[in-house]
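The values are calculated or read from the model by the stated rules, or taken from the named source; none is laboratory data. Keep in mind that what you see is a predicted model, and the values were worked out from it rather than measured. Every residue, glycine among them, receives a Cβ derived from its backbone with ideal geometry; neighbour counts consider all protein chains shown.
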Amino acid sequence: RSQKAALTLPPGSAEQLAFFQREEAMRYSSPNQAWVYTLRDGSQSSVSPIGKKSSAVGKAREHFLLRPERPPSVTLLALVRDAAARLPGGEGSRADVCELLKESQYLIGGVNDAQISQVASGALDRLHQEQDPCVTYESERKVWIYLHADRQASDFHALPLSKKSKVASLL
């Protein structure tokens, strides 16, 4: 099997999972705000506000992998972004992103690894192609690298999305 799928992430403890899920619930209760996750090693990583779609009120859009009783701002794209943000040292394989994605309280139970891998792959590709991408893929080492970990909350609001030169200076 290719190195791309290799899992490099050690399993987290039940306490770490519970702590993450509390942070995740807080993050999605204020989707228009940037968020800073506390990682397993105690370091921190920033994620952007979820975006315009997060202002939707009412019911979450249905998806067969997501719990119906979730905040409307919870999407697979947002969950994969958050999983990438939580990669130790800001980098890891797609399998690592999948393992972190599976820790979300908003996924339904019993999802198989092939479904998670397919969803994560598509979402990582989308995130990689955004105007201000939060991830990049390093093909030589076959790892995804999260680019926004060291940003401050104010950096996300201050970014003029049409000016890539300013974005590059923040990275």
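The table below gives the values:
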item	result
Enumeration of residues in the stretch 115-148 that are within 18 Å of Leu9 (Cα to Cα), out of contact with any His (no Cβ under 7 Å at 6 or more places or on another chain) and not aromatic (Phe, Trp, Tyr)	Ile116, Ser117, Ala120, Ser121, Leu124, Glu138, Arg141, Lys142, Val143, Ile145
All helices (runs of 4 or more DSSP H) inside the stretch 80-171 with 1 or more residues being exposed (fewer than 15 other Cβ atoms within 10 Å of the Cβ) and either at pLDDT 95 or above or touching a Lys or Arg at 6+ places or on another chain (Cβ under 9 Å) (or both)	113-128, 153-158
Sole exception among (1) modelled with pLDDT under 90; (2) not in a helix (DSSP H, G or I) for Tyr37, by number	(1)
